[in-house]
1. Yes or no: Arg335 basic (Lys, Arg), away from the ligand (no atom under 13 Å from the Cβ) and out of contact with any helix residue (DSSP H, G or I) (no Cβ under 7 Å at 6 or more places or on another chain)?
2. Please give the number of the condition Cys438 fails out of (1) within 21 Å of Ser107 (Cα to Cα); (2) in contact with a helix residue (DSSP H, G or I) (Cβ under 7 Å, 6 or more places away or on another chain); (3) surrounded by fewer than 17 Cβ atoms within 10 Å (Cβ to Cβ); (4) not β-branched (Val, Ile, Thr).
3. Check whether at least one residue in region 406-426 is more than 13 Å from the ligand (Cβ to nearest atom), crowded, with 20+ Cβ neighbours inside 10 Å and either more than 28 Å from Arg132 (Cβ to Cβ) or of a type in the set (Ser, Thr, Tyr) (or both), and report yes or no.
4. Which one of these is over 23 Å from Ala147 (Cα atoms) and either within 11 Å of the ligand (Cβ to nearest atom) or surrounded by fewer than 23 Cβ atoms within 10 Å (Cβ to Cβ) (or both): His349, His385?
5. Here are some residues: Lys49, Lys68. Which one is modelled with pLDDT of 95 or more, more than 19 Å from Ala147 (Cβ to Cβ) and out of contact with any strand residue (DSSP E or B) (no Cβ under 8 Å at 6 or more places or on another chain)?
6. Return only the number of the condition from (1) more than 16 Å from the ligand (Cβ to nearest atom); (2) buried (at least 16 other Cβ atoms within 10 Å of the Cβ) that Pro368 does not satisfy.
7. If you scan region 371-381, which residues turn out to be within 13 Å of the ligand (Cβ to nearest atom) and touching a Ser or Thr at 6+ places or on another chain (Cβ under 9 Å)?
8. For residues in region 354-365 being within 16 Å of the ligand (Cβ to nearest atom) and among the hydroxyl-bearing types (Ser, Thr, Tyr), which is surrounded by the fewest Cβ atoms within 10 Å (Cβ to Cβ)?
Amino acid sequence: MTEHSLPRGMIRATKTTGTHEGYMPGFGNDFETEALPGALPQGQNSPQKCAYGLYAEQLSGTAFTQPKPERAWCYRIRPSVRHTARFKKIDLPYWKTAPNVLPDVISLGQYRWDPVPMPGAGESYTWLTGMRTATTAGDVNTQVGMASHIYLVTASMVDEYFYSADSELLVVPQEGRLRFCTEMGVIDLEPKEVAILPRGMVYRVEVLEGPCRGFVCENYGQKFELPGRGPIGANCLANPRDFKTPVAAFEDREMPSRVVIKWCGQFHATEIGHSPLDVVAWHGNYAPSKYDLRTYSPVGAILFDHPDPSIFTVLTAPSGQPGTANIDFVLFRERWMVAEHSFRPPWYHKNLMSELMGNIYGQYDAKPQGFAPGGMSLHNCMLPHGPDRNAFEGASNAELKAEKLDNTMSFMFETRFPQHLTEWAATEAPLQDDYLDCWTSLEKKFDGTPGVK
Ligand code: FE2
């Protein structure tokens with residue numbers, strides 16, 4: 001990206017070791033970057049006086065005493081205490097937070113939604129007003145669980161900034177291109193990529209190419225990390241070098257501005273006289289990043305049967321109970337199917353974990369019809385589900401030659417906690433009334449006689 005394509009007045013690092021087009025490679029590295037030469041102190045974090053008259057400030061994403069603390073040291077024009085004033089509560093009625101269990105909404109059921117329609121002419125939504133919560137799980141006050149959202153964004157935030165004290169956000173675009181101007185640098189994001197926005201980090205969202213639609217997983221708990229690889233070893237799945245963290249970028253703007261903060265499920269606004277995106281240099285391992293899903297190298301069955309879908313985990317957010325994630329982000333993408341004498345699509349199952357799926361593009365193999373790009377489905381804790389009749393009959397009778405599963409990219413936000421529908425998801429969103437019908441024609445084949453039916 002060239003300098004002139006940055007937002008007005010934004011200055012980006014010109015020299016940073018290991019950069020590629022404004023991003024630094026690696027997952028959770030201890031990065032360092034400066035947008036002005038000499039702005040980053042060397043050999044210490046908190047000099048008596050910082051270069052350029054900057055203020056030193058630490059952003060801690062974990063408790064200080066966590067075994068692997070995650071934090072960033074920021075060198076900024078004003079300390080963050082100058083980026084808030086008195087707060088007033090504001091209403092963003094479609095952005096919900098757990099616990100949000102509604103007595104009149106039935107979350108127990110297999111649900112599927114058509115794509116939420118793009119806004120019509122005259123409708124204008126920003127990142128904040130265009131967020132529609134579909135499900136919530138856990139409890140934000142105890143920092144466990146998650147929410148799933150659909151976003152519809154047509155307009156850039158102007159002199160408006162946001163951060164969530166509640167959560168880390170995993171953004172999965174499905175249509176349109178967005179720009180996240182963050183305290184730590186600029187991320188441009190398009191479909192087939194995902195972004196991770198850390199808890200507490202201030203940003204503004206601009207539309208590069210709209211309208212924009214996508215999915216968000218709001219993680220109330222411990223940060224996403226790369227899954228343990230076990231016997232897979234060091235390679236394949238998501239490789240750390242394919243995560244990209246932006247180089248430092250800042251703006252020095254004196255302008256009436258509004259900062260919105262999400263805190264314990266409530267939204268608060270505060271008015272200030274300048275841009276809070278004023279970090280000139282930073283170092284540390286607590287920073288936003290993006291990842292290109294096309295670099296995900298899937299691993300699977302090469303003789304018969306197939307592994308659990310956990311084999312497709314891109315990122316996992318631990319819950320404190322080993323092997324039982326607060327959230328797994330799982331990707332179903334193009335791959336070769338080669339298993340012999342096996343039913344190749346996902347099998348029928350009933351699962352402790354609650355599964356929210358979204359389709360980014362193409363056709364999902366267990367649901368050839370009805371699960372459209374932009375659509376989503378929910379299979380909740382201990383609710384049975386599996387291939388629809390067409391997928392079952394097709395896969396049961398197919399000639400099992402090597403076959404490329406092409407033009408397919410779906411994902412799952414899977415959590416150990418039951419997911420509760422919001423009123424929007426249950427009433428306003430395009431819920432499919434006939435989803436259950438995809439299984440009703442699965443007939444009884446058993447007649448007591450031996451042999452394959
Ligand atoms: Fe499932």
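The values are calculated or read from the model by the stated rules, or taken from the named source; none is laboratory data. Everything quoted here is computed from the prediction, not taken from an experiment. All Cβ positions, glycine included, derive from the backbone under ideal geometry; neighbour counts span all protein chains shown.
1. yes
2. Failing condition for Cys438: (3).
3. Yes: region 406-426 contains one or more residues that are more than 13 Å from the ligand (Cβ to nearest atom), crowded, with 20+ Cβ neighbours inside 10 Å and either more than 28 Å from Arg132 (Cβ to Cβ) or of a type in the set (Ser, Thr, Tyr) (or both).
4. Step by step, each of His349, His385 is checked, and only His349 is over 23 Å from Ala147 (Cα atoms) and either within 11 Å of the ligand (Cβ to nearest atom) or surrounded by fewer than 23 Cβ atoms within 10 Å (Cβ to Cβ) (or both).
5. None of the others qualify; the one that does is Lys49.
6. Evaluating Pro368 over (1) more than 16 Å from the ligand (Cβ to nearest atom); (2) buried (at least 16 other Cβ atoms within 10 Å of the Cβ) leaves (2) as the failure.
7. Phe371, Leu378, His379, Asn380, Cys381
8. Per the criteria, the residue is Tyr364.
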